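Here's the structure, in structure tokens; my notes come after.
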Amino acid sequence: MELHPDFADTQQKQKQHFHVLAVDDSLIERKLLERLLTESSCKVTCVDSGDKALEYLSLLDSQEIEYSTDLSSSPPSAQQEAGYMKVNLIMTDYSMPGMSGYDLLKRVKMQGSSWKDIPVVVMSSENVPSRISMCMEEGAEEFLLKPLQLSDLKKLQPHLLKSLVHPTEDISTSNDHGSDNNMMHDITTLNDSDNVLVSERKVMSPEPLERRPKINGLLVV
Amino acid sequence: MDGVAQLQKQLVDYTASLFQEGFLDEQFNQLQQLQDESNPDFVVEVVSLFFEDSERLLNELAKALELKTIDFRKVDAHVHQFKGSSSSIGAQRVQKVCIAFRNYCEEQNIEGCLKCLQQVKHEYSLVKSKLETLFKIEKQLIAAGGSIPT
């Protein structure tokens, strides 16, 4: 199958998987979400609360600082690793005890937040229009109704690609009106036939867990 | 019909009946679609988690409804969880009872809640035994050298 040259080039250069941070207090939901995401060729980190999500994001920030100071003298693999750690998308349940998904969304999108540009998708089993508009107004990219299906993951492609694309390229954030951007068109075509984000990624072996930062009890699947 | 073909037919027919009788819905299909060679036990794993979680929730619900002063918000929170997990695996009849259950919680209707607790326990034990039967047939099929039809 044909890949748009720019996209293939991006993949070659960055050699990273989309890293999704999944936040849900339900173990069953986390398991389901993790499977859906890995089926769509994403790397997943699951946490069971908004607090743990923030902890994880802070941890990544401090690790990237560590990496970037040695980046010039580091082997390419370390540079790739630093890129690999970065979270490309946050998917959070709305109703959680303690910090809700909405609270988490607000915190991530807050003025001055270093995570402001990370797309956030909110999920809920309840279809409450006021809740949906509240989240969209606060900066959520999408609001998905549970239970999630593979077809829902397709909606997330444009948001994931945003974080991989070179700064000079302009990606339309709203895909609903059809896109003039060639890259988006090619990705959609690819996906329609294969139902995965990038099918050749499936043959790659999963990254060893050691590469990902761990806090005791933080990685909950 | 040879052994494998017979078991395959049994599996297909049994699964179809579960859908027809409303025990399972489309979401269960979604789970099956997520099962493949690299995740061969996905459905059993998720369903096992559901069984564990459900038993915990049913215990919590029974305790919460035995109290002299019932905290309906707490009861509702448990039912909300149960509704979510049953919906995620496609346990349609359990999910439906949960919806009615939540309405009674909102009304603070003790009798309604107790009735729903009995109903949800009943529906849960039905779907549990049906799924266990389903998994048993699958195991037999695989042991006979067959594969689960997609």
Quiz item: Picking from B:Ile110, B:Ile70, which residue would you name as being over 25 Å from B:Phe28 (Cα atoms) and surrounded by fewer than 15 Cβ atoms within 10 Å (Cβ to Cβ)?
Solution: B:Ile110
Exercise. Output the residues belonging to the range B:6-40 that are more than 10 Å from every other protein chain (Cβ to nearest Cβ), over 23 Å from B:Val94 (Cα atoms) and free of Cβ contacts under 8 Å to residues at least 40 places away in the same chain.
Key: B:Gln6, B:Lys9, B:Glu37, B:Pro40
Practice problem: Output yes when any residue across the range A:121-130 is touching a Pro at 6+ places or on another chain (Cβ under 9 Å), within 14 Å of chain B (Cβ to nearest Cβ) and modelled with pLDDT of 90 or more, and no when none is. | Solution: yes
Self-check item: So B:Gln27, is it at pLDDT 95 or above, touching an Asp or Glu at 6+ places or on another chain (Cβ under 8 Å) and surrounded by 20 or more Cβ atoms within 10 Å (Cβ to Cβ)
Solution: no
Quiz item: Of these, A:Ser151, A:Ser124, which one is farther than 19 Å from A:Met96 by Cβ and not basic (Lys, Arg)?
Solution: A:Ser151
Quiz item: Tally time: how many residues in the range B:73-82 are facing another protein chain (nearest Cβ under 8 Å), within 12 Å of A:Ile28 (Cα to Cα) and not polar (S, T, N, Q)?
Solution: 0
Quiz item: Going by the conditions given, is B:Asp13 part of a helix (DSSP H, G or I), touching a Phe, Trp or Tyr at 6+ places or on another chain (Cβ under 9 Å) and not aliphatic (A, V, I, L, M)?
Solution: no
Quiz item: Residues in the range B:110-150 that are basic (Lys, Arg) and within 25 Å of B:Glu37 (Cβ to Cβ): how many?
Solution: 2
Quiz item: Can you find even one residue in the range B:51-69 that is at the interface with chain A (Cβ under 8 Å from one of its Cβ atoms) and in a helix (DSSP H, G or I)?
Solution: yes
Quiz item: Just for the range A:87-136: of the residues that are more than 17 Å from A:Asp51 (Cα to Cα) and acidic (Asp, Glu), which one is surrounded by the most Cβ atoms within 10 Å (Cβ to Cβ)?
Solution: A:Glu126
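The values are calculated or read from the model by the stated rules, or taken from the named source; none is laboratory data. Here the structure is a predicted model, which is why all the values come from computation and not from measurement. Cβ atoms come from the backbone with ideal geometry, glycine included; neighbour counts cover every protein chain shown.
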